[in-house]
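Below: one structure, written as structure tokens.
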Amino acid sequence: MTDATDDRIEPTADAQPTELTEPQQEQQPPRQQLPDAQPFSEPERVARGLALALLVIPAGVIVWTILWSIGFIASIVSWGVAVGAVWLYRRGSGARVTRGAFWGIIAIVVVTVVLSLLAGIFTDVVAAVGIPFTEALTNSKFWDVYFDNVFNNGDMWQAYLPQVLLALLFAALGCFMTLRRLARESRG
């Protein structure tokens with residue numbers, strides 16, 4: 001991870017080269033000229049930043065699921081996902097958020113919210129079936145019941161509709177200011 005500002009490649013202006021004595025010069029092999037270090041291109045930086053920002057997805061899903069199982073729908077989780085994705089993006093890319101990265105971060109937030117809702121429903125189905133959580137993760141019959149309910153059970157979705165709408169509303173409210181600031185940054 002080097003770029004044009006890395007001091008390991010280009011010495012700083014105040015670094016003084018030292019003169020070697022004649023015996024030291026004989027012992028050292030001739031130096032090869034290092035090629036100029038090229039900074040990463042913008043697409044490479046965006047890809048690196050977004051790849052690191054993907055780490056926020058499992059963290060967001062876990063926190064959301066814990067709060068969901070307690071009975072809370074918290075906008076703080078989506079705000080944390082948005083802030084975490086931006087922070088991780090900046091750490092990975094080493095640059096400001098570009099327009100392409102802005103849309104990538106929005107996609108990460110949306111995917112996290114959708115997966116979080118599905119994980120919340122998963123915990124509810126585990127509780128309704130009455131099996132241990134770890135057994136539900138590895139039991140193929142449970143997964144058949146879960147997917148059948150998610151994709152074919154209209155009554156379940158009618159029951160979940162108020163919770164899902166509130167969760168989406170709070171998710172939008174939770175990350176709105178962060179994403180709005182990010183949109184301004186990506187334009188300039």
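The values are calculated or read from the model by the stated rules, or taken from the named source; none is laboratory data. Values in this document were obtained by computation on a predicted structure and should not be read as measured data. All Cβ positions, even for glycine, are placed from backbone atoms using ideal geometry, and neighbour counts span all protein chains on display.
Some points to look at:
- Looking across segment 41-85, just one residue is assigned to a loop (DSSP other than H, G, I, E, B) and of a type in the set (S, T, N, Q), and that is Ser41.
- Number of the condition not met by Phe176 [criteria: (1) in contact with a Ser or Thr (Cβ under 7 Å, 6 or more places away or on another chain); (2) under 19 Å from Val56 (Cα atoms)]: (1)
- Any chance Val125 is touching a Gly at 6+ places or on another chain (Cβ under 9 Å), aliphatic (A, V, I, L, M) and closer than 19 Å to Tyr146 by Cα: no
- When the residues of segment 79-121 are filtered to those that are of a type in the set (Ser, Thr, Tyr) and over 11 Å from the mean Cα position of the chain (by Cα), the one that is modelled with the highest pLDDT is Ser116.
- Hits in segment 126-152 - residues which are surrounded by 14 or more Cβ atoms within 10 Å (Cβ to Cβ) and not in a helix (DSSP H, G or I): Ile131, Asn139
- Selection count, segment 79-101, where residues are surrounded by 20 or more Cβ atoms within 10 Å (Cβ to Cβ) and farther than 14 Å from Ile62 by Cβ: 10
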